[in-house]
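Here the structure is laid out as structure tokens; the discussion comes afterwards.
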Amino acid sequence: MANPRLRVVLAEDAALLREGLVELLERFGHDVVAAVGDSRDVAKAVEDHRPDLVVTDVRMPPDFSDDGLRVAMALRARHPGLGVLVLTQYAAMAYACELLESGGDSEGGLGYLLKDRIGTVAEFLSAVQCVAAGGTVVDPEVVRQLLGNRRTSKPVDRLTAREREVLALMAEGRTNADIAAALHVSQPTVAKNIGGIFQKLGLAEGDGHRRVLAVLTYLRS
């Protein structure tokens with residue numbers, strides 16, 4: 001089945017990168033309905049065009065601090081179904097966690113990727129599709145930093161070593177099939193591990209987006 005055609009708002013202050021991303025997304029069948037270089041223009045573009053996905057940097061005009069991130073968080077709260085993919089050069093755990101914890105009841109997907117670590121066009125496009133479909137994608141380097149800074153007496157301490165491996169791959173946006181291939185186990189084994197993760201993290205059957213909630217618990221720990 002062909003991937004759906006997405007309507008995208010792109011926020012990137014570097015003109016050459018912005019134009020390159022526009023060309024790339026459109027070459028693969030998506031519609032970039034707005035491409036802006038200032039965080040103050042993102043909210044209006046979303047209101048005007050009602051996109052499926054926003055791709056934004058963290059540090060943008062006017063202040064070049066975390067303007068893009070703040071806009072992304074506000075959009076998640078205001079538009080529950082909107083996918084938000086942060087594409088940045090900063091592997092900052094605080095930024096990643098703030099984004100993932102924003103818009104608590106949002107059904108929209110979210111992602112945090114590092115520009116310099118995207119190895120292929122296919123990898124970027126896969127992340128775009130995943131986030132637009134409601135999934136969660138976190139750069140593996142950010143995941144490693146978060147794992148290295150884990151503190152004790154947190155919910156993930158109840159997980160086995162294999163369950164933590166599975167959860168780390170879930171945080172990268174991997175499907176069950178991808179996780180099975182990476183760990184050289186069967187998909188039923190992955191499903192069993194994920195069931196154990198949900199149980200140990202107290203995520204009941206009725207909880208929506210349990211994969212996202214599990215990832216949030218992992219990243220907060």
To make sure I understand the rule: partners must be aspartates and glutamates, Cα under 14 Å from the Cα of Lys200, and not fewer than 8 residues away in the same chain. Which ones qualify?
Asp157, Glu163
Around Arg27 (Cβ within 14 Å, Cβ-to-Cβ, excluding Arg27; K/R +1, D/E -1) the net charge comes to -3
Could you give the length gained on full extension between Ala74 and Ala177, defined as 0.36 nm per residue of separation minus the Cα-Cα distance, in nm?
33.7 nm
Residue by residue through segment 187-202, the couplings from Karplus 6.51 cos²θ - 1.76 cosθ + 1.60 with θ = phi - 60°, in Hz, x for Gly and Pro, are 5, x, 5, 4, 4, 5, 5, 5, x, x, 4, 4, 5, 6, 8, x
So if each residue of separation counts as 0.36 nm, and I subtract the Cα-Cα distance between Asp38 and Glu23, what length gain in nm does that give?
3.5 nm
So for the pair Asn3, Ser126, with labels modelled 7 Å out along Cα→Cβ, what separation do we get in nm?
1.0
Provide the net charge surrounding Leu17, with neighbours chosen by a C-beta distance below 14 Å and charges set as Lys +1, Arg +1, Asp -1, Glu -1.
-3
Which number do you get for Rg(Cα) / (2.2 N^0.38 Å) in segment 45-97?
1.11
Net charge of Cβ neighbours under 14 Å - reference Pro61; Lys, Arg +1; Asp, Glu -1
-4
Percent of all alpha-carbon pairs of segment 3-108 at distances over 16 Å, whole number, is 54
Please list, in chain and number order, the residues 5+ apart from Leu82 or on another chain whose amide H is under 5 Å from its amide H, with Hs placed from the backbone.
Gly108
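Just so you know, all these numbers are worked out from the coordinates, no wet-lab data involved. All of these numbers come straight from a predicted model, not from anything done at the bench. For neighbour counting, all protein chains shown are included, and Cβ atoms are generated from backbone atoms with ideal geometry for every residue, glycine included.
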